[in-house]
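Following: one structure in structure tokens, then a few remarks.
Derivation of every value follows stated rules applied to the coordinates shown; laboratory data play no part. The structure displayed is predicted, hence computed values, not measured ones. Cβ placement follows ideal geometry from the backbone for every residue including glycine, while neighbour counts extend to all protein chains displayed.
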Ligand SMILES: Cc1cc2nc3c(=O)[nH]c(=O)nc-3n(C[C@H](O)[C@H](O)[C@H](O)COP(=O)(O)OP(=O)(O)OC[C@H]3O[C@@H](n4cnc5c(N)ncnc54)[C@H](O)[C@@H]3O)c2cc1C
Ligand code: SF4
Ligand code: SF4
């Protein structure tokens, strides 16, 4: 019998592909209707978060004595870590990638788009170079708490990364560049023209869900890295179900390797360099409470993060006496956007004319800034929950605003998605 664990992020891959339509959203995750299920096992193969398994299957785990391995570079995490692995291997290094999950890709597989400020494509198409302004903007957004040089590196290097990605012929087919006209600030981005991934089904893992990957730009980049390893016969060994646990150091304190755990036991890897690419901490309530004062409540909150996103690099560094600085951290609390909720409804709730009340029925913030400003303080409200209240007339008006927005109309896919949402709006709105 196949069952879905609580680690499900609700991406709907399985639900879209189940031949019996046996999978549906219940509460905060998908569940299988056992009366409809024919136990074909397709959903188990598809699930990117390894949340589905045959609970009757007998798994035999063979225990082994400690295994010792050697390489030049060990990369912990197979999301963006795959890029580090490829680049090190292209420089002639022997690389081992450790991946805690059964599946590679982490949250990178869920990333829709890539947000460089300025690239060769911008230059070629005569789009304005706004990198200096972007550094200023991001520095201000960080409350001037993150070093300007660090932000500068991120802004300049992310463009250089895209230029590097352009060496792969598929990049030119998969991505496109779209002018933003007078706009510069778009969501998390700051640019004169946006690199877009127009065909979200390009590198799809059978997912036909328009709202969330895997299958989009993040998957594209990951798969390009796998392809490069194969085609260039790079010396990269990928070990799934291997969780990095401890950094190993010599007497001088220099890191000389990693100790990992697989289901059978310990694996010791000595290496000249260790790359920590274990992702964020979206699935660690303990860390989110400690560093952000979030999720200290009984209300279950939907997470899109993969289950292995538990901030393991922090644990490993703390063992060496390195403490993270919460002042310089940022938690992106962003919902209810995308599946299982309507992006359109989210946008309407975000609108300044939408009233927002807490569970005591009290207005709890100045709504004129929109819900996006309130998301930073919602943790102080009862059970960290707030409702948006709006009339059907307001919905119609706001929906029209979006549909009439030429910037959105240019984004064909977003427009189509929202159009579908808008067609369905009365039922979704009344469900709020
Ligand atoms: C739904 C969603 C949509 C997003 N959309 C976008 C977008 O459109 N554009 C954008 O720029 N960003 C987006 N992001 C953010 C982006 O995906 C992440 O910032 C980025 O993928 C992080 O990359 P990473 O390599 O640090 O972590 P990940 O990609 O999460 O990779 C970390 C890997 O490390 C593994 N791991 C964890 N612990 C260990 C351990 N101890 N040992 C070994 N392996 C370990 C994990 O299993 C995982 O595979 C989105 C995120 C989500 C969840
Ligand atoms: S994470 Fe996605 S594929 Fe896996 S069980 Fe949940 S909805 Fe299905
Ligand atoms: S095992 Fe097959 S029939 Fe059953 S829920 Fe999964 S995909 Fe559907």
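In which sequence would 110, 291, 25 go, from the one with the fewest C-beta neighbours within 10 Å to the one with the most?
25, 291, 110
What's the ranking of 250-256, 172-178 by average number of surrounding C-beta atoms within 10 Å, highest first?
172-178, 250-256
So how far, in whole Å, is the C-alpha centre of region 98-168 from the one of region 17-83?
Rounded to whole Å, the Cα centres lie 31 Å apart.
Among the DSSP beta bridges whose two residues both lie in region 64-213, what percent are antiparallel, rounded to the nearest 5?
Within region 64-213, antiparallel bridges account for around 60 percent of the total.
Normalised by the number of residues in region 114-196, what is the relative contact order in percent for Cα pairs under 8 Å and 6+ residues apart?
RCO, region 114-196: 42 percent.
Quick check on the exposure proxy: order 146, 23, 132 from fewest to most C-beta atoms within 10 angstrom. Kindly include the intermediate steps, with their values, before the conclusion.
On the way: 146 18, 23 24, 132 12.
Result, fewest neighbours first: 132, 146, 23.
For Cα pairs less than 8 Å apart in space and 6+ apart in sequence, what is the mean separation divided by the residue count of region 90-244, i.e. the relative contact order in percent?
Reported relative contact order: 41 percent.
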